[in-house]
Amino acid sequence: VPGFTGETMHSSDWRSNKQVAGKRVMIIGNGESSADIAADSAEIAKSVVLWARRPIPMGPRFLNQKSGDELSSMEAMQHKGSRTEMWEMLETSTTSPVSQLQSPKAYSDIRIDWVNKTLKEANHDVAHLNAIIFKNACSSVEDGFKRSDQIFAVPKSLRMLTATSQGKMDLVIAKKAKYEGKKVTFSEYSQKNFEWPVEASRVETYDVDVVIMCTGFKNDFAWLKGVTIDWNCRNWFKNCIPPGYEDKLAFLGWTRPHQGGIPACSEMLSRYLGQIWSGEKSLPSNWKEQAQVDKKVAESWYKEAADYHTVMDY
């Protein structure tokens, strides 16, 4: 981090919030890891600010008030007498046959209607903050209100929004951050907490002891001796079979469906691979060409996640 003289770490080195006890923490990113680390840090750090350059729509784990505090709701599910119905979960609506029959525009209209209703109520809660970010994100890109969250790689966690709405941390969306010693100055603002829109001329400085970069993950397959793989899994057939290894190697759970869950996709792929490798079925003769067609579709569809190669269609 140029100009910063404090401590830096990557999210892959995160073990617990004890690492930031009493410290002034800055978190870079707006995905699932940043949501968890920010929320956990906010319980024990002196201060927490999460910074992202642009707004990204966020998906709740639950479709009701349980997403006001997702961690508590999930912990309650483990106790006797606490029950969560299937219809309460996000995937119930995003993967149902009925929702799949909707056009992208109709699908987006439902979300935009919810956003406008929530903004009008202005309850200053997690749902309100999520609606602000959603509309900010859709306003910032072409076709945002036609395709809404379908353009982005949507984090499926609202934990950092819970901490922000409770006043435990700051959420800053701004284009620039300048580091000088242990100070970070944000400029060209888009949003701060519940404030949107924000004057672009706004400038604010935070004191920071440690910067945690939630900016992606690391690959380590050193144990695959003599194997050379193109790690852009959009070049793989069904996003799991790398060319050149179709008779011996596949990756399950490596990609994430934009709508739905990784376990369900992995289950379907494992059944398909079982049929292929048992000889019950064969790969299509043009499977490599099909992989490239799917790649082009993904790149054009998820255009605000151009470098997020593990996002795929369910």
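For the structure I just gave you, tell me whether F186 is touching a helix residue (DSSP H, G or I) at 6+ places or on another chain (Cβ under 8 Å), hydrophobic (A, V, I, L, M, F, W, C) and within 30 Å of D125 (Cβ to Cβ). For F186, the condition - touching a helix residue (DSSP H, G or I) at 6+ places or on another chain (Cβ under 8 Å), hydrophobic (A, V, I, L, M, F, W, C) and within 30 Å of D125 (Cβ to Cβ) - is not met. Filtering region 33-47 to residues that are charged (D, E, K, R) and farther than 16 Å from T164 by Cβ leaves only K46.
The single condition among (1) open to solvent by 30 Å² or more (accessible area, probe 1.4 Å); (2) touching a residue at least 60 places away in the same chain (Cβ under 8 Å); (3) part of a helix (DSSP H, G or I); (4) within 23 Å of I132 (Cα to Cα) that I37 does not meet is (1).
Select from region 133-156 the residues that are among the small types (G, A, S) and open to solvent by less than 10 Å² (accessible area, probe 1.4 Å) and write down the one among them that is nearest to S190 (Cα to Cα).
Checked region 133-156; the qualifying residue nearest to S190 (Cα to Cα) is A137.
With the structure loaded, tell me whether K105 is at pLDDT below 90, open to solvent by 40 Å² or more (accessible area, probe 1.4 Å) and farther than 19 Å from P263 by Cα or whether it fails that test. For K105, the condition - at pLDDT below 90, open to solvent by 40 Å² or more (accessible area, probe 1.4 Å) and farther than 19 Å from P263 by Cα - is met.
Candidates T162, T255, T228, T215: the one that is farther than 28 Å from A306 by Cβ and of a type in the set (V, I, T) is T162. Scan region 242-256 residue by residue and report those that are under 30 Å from T92 (Cβ atoms) and either of a type in the set (S, T, N, Q) or open to solvent by less than 40 Å² (accessible area, probe 1.4 Å) (or both). A250, F251, G253, T255, R256 - these are the residues of region 242-256 that are under 30 Å from T92 (Cβ atoms) and either of a type in the set (S, T, N, Q) or open to solvent by less than 40 Å² (accessible area, probe 1.4 Å) (or both).
Residue check: is R202 touching a Ser or Thr at 6+ places or on another chain (Cβ under 9 Å), of a type outside the set (V, I, T) and open to solvent by less than 40 Å² (accessible area, probe 1.4 Å)?
no
Residues that are over 24 Å from the mean Cα position of the chain (by Cα) and open to solvent by less than 40 Å² (accessible area, probe 1.4 Å) were ranked within region 207-240; the one that is nearest to D125 (Cα to Cα) is V208. Each residue in region 1-15 was checked for being more than 15 Å from V48 (Cα to Cα), in a loop (DSSP other than H, G, I, E, B) and of a type in the set (G, A, S), and 1 of them qualify. Taking region 72-88, which residues are closer than 27 Å to I27 by Cβ and either surrounded by 15 or more Cβ atoms within 10 Å (Cβ to Cβ) or of a type in the set (F, W, Y) (or both)? Correct list: S73 only.
Do we find that D13 is surrounded by fewer than 18 Cβ atoms within 10 Å (Cβ to Cβ), over 20 Å from the mean Cα position of the chain (by Cα), on the phi < 0 side of the Ramachandran plot and at pLDDT 80 or above in this structure?
So D13 does not fit the description; no.
Only residues that are free of Cβ contacts under 8 Å to residues at least 60 places away in the same chain and either exposed (fewer than 14 other Cβ atoms within 10 Å of the Cβ) or assigned to a helix (DSSP H, G or I) (or both) were counted across region 257-310, and they come to 35.
The values are calculated or read from the model by the stated rules, or taken from the named source; none is laboratory data. None of these values were measured; they are calculated from a predicted model. Please note: Cβ atoms are built from the backbone with ideal geometry, for glycine as well, and neighbour counts cover all protein chains shown. Heads up: the accessible areas ignore ligands, DNA and RNA and are worked out on the full protein's heavy atoms, side chains in. Shrake-Rupley method; radii C 1.70, N 1.55, O 1.52, S 1.80 Å.
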